[in-house]
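As structure tokens, the structure follows; a few thoughts come after it.
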Amino acid sequence: MWLSLLVLFIIGIVAAVFGSIVGLGGGIITVPVLVLMGPSLLGEPVTTQTAVGTSLAVLIFTALSATWTYRRQGKVDFRSGWLFFITSGPAAMVGALLTNSIPQGPFQLSFGIFMFVMFALMVARERMKPLNIDWKIKRKFTDGAGNVYEYGYNLQLALLIGLGVGMASGLFGIGGGSLFVPLMVLLFRFPPHVATATSMFVIMLSSVLGSGVHVWHGNVDWRLFAALAPGALVGGRAGAVIASRLSGRQLMWILRVTLLAMAVYLIIKGIREM
């Protein structure tokens, strides 16, 4: 039992470190790991719905810890974050409501496909350059180091992105930063570190609403939550500190390979259970 708790604590740290470095939130690792390792850790299977609900609840602590650290570094654009939250918050609740209505096989298949798309996005992001679009809404932001950045966005497009990210967050328990950060950087020309920090702030707010729905439907395993949450607090802060000091290039390739392997496994498992 104690060994299982230690393993879950370490999983919480690792997922949060990865998640806060790139604004993912950590659920992209926590959910498939709980599904795959549930029987060996708890002696019984963990359903995808329970893994999603528990992951989203833990995500609150990951995002809170990372946001607090990023705020002290002066990297969170709160004004833009609240704008994205207008649609991402309610959409996270809708996504959480939909989780229980999808059978296990199709859910694992769709989650595997989603992870594969995230893998492709993370690979493509390094090769793509921000679009040079003159958006009507201009934003000027000064970070904690005194660097001044100028970027902008379209209100309707920003709200639409928030809607899509929130839906994915509630449905898959992944936080949505894997969609948020590339779109903020490529479409709106956010500086990467500001996009990551702001993404974590939006994830924190959306996770509260989405996990509330999962708690209502009984999708949160409190044993797993109690073991993962402390690790998420530690990992969220550590990831934010690492992100401010390192490029994280090698770390990101490890994450990409992990995403690809898990995506393939879940797609095959989902097809077999349909």
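The values are calculated or read from the model by the stated rules, or taken from the named source; none is laboratory data. Here the structure is a predicted model, which means the values were calculated and not measured. Neighbour counts are summed over all protein chains in view; Cβ atoms, including those assigned to glycine, are modelled from backbone coordinates with ideal geometry. Accessible surface areas use protein heavy atoms only, side chains included; no ligands, DNA or RNA. Shrake-Rupley method; radii C 1.70, N 1.55, O 1.52, S 1.80 Å.
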Residue match in the range 21-36 (condition: more than 18 Å from the chain's Cα centre (by Cα), surrounded by fewer than 24 Cβ atoms within 10 Å (Cβ to Cβ) and touching a residue at least 12 places away in the same chain (Cβ under 8 Å)): yes
From the list F107, F85, which one is more than 15 Å from F180 (Cα to Cα) and crowded, with 17+ Cβ neighbours inside 10 Å? F107
I'd like to know if the range 37-51 contains one or more residues that are crowded, with 24+ Cβ neighbours inside 10 Å and either not in a helix (DSSP H, G or I) or not polar (S, T, N, Q) (or both). yes
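Can you tell me how many residues within the range 89-123 are among the small types (G, A, S) and farther than 22 Å from V202 by Cβ?
5
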Helices (runs of 4 or more DSSP H) enclosed by the range 190-274 - at least 3 residues per element that are modelled with pLDDT of 85 or more: 192-216, 222-245
When the range 165-221 is checked residue by residue, the ones that are under 17 Å from S80 (Cα atoms), open to solvent by 10 Å² or more (accessible area, probe 1.4 Å) and of a type in the set (V, I, T) are V185, T196
Going by what's in this entry, would G43 be described as closer than 29 Å to V234 by Cβ and at pLDDT 85 or above? no
V76 being in contact with a Phe, Trp or Tyr (Cβ under 8 Å, 6 or more places away or on another chain) and either crowded, with 20+ Cβ neighbours inside 10 Å or within 16 Å of V181 (Cβ to Cβ) (or both): yes
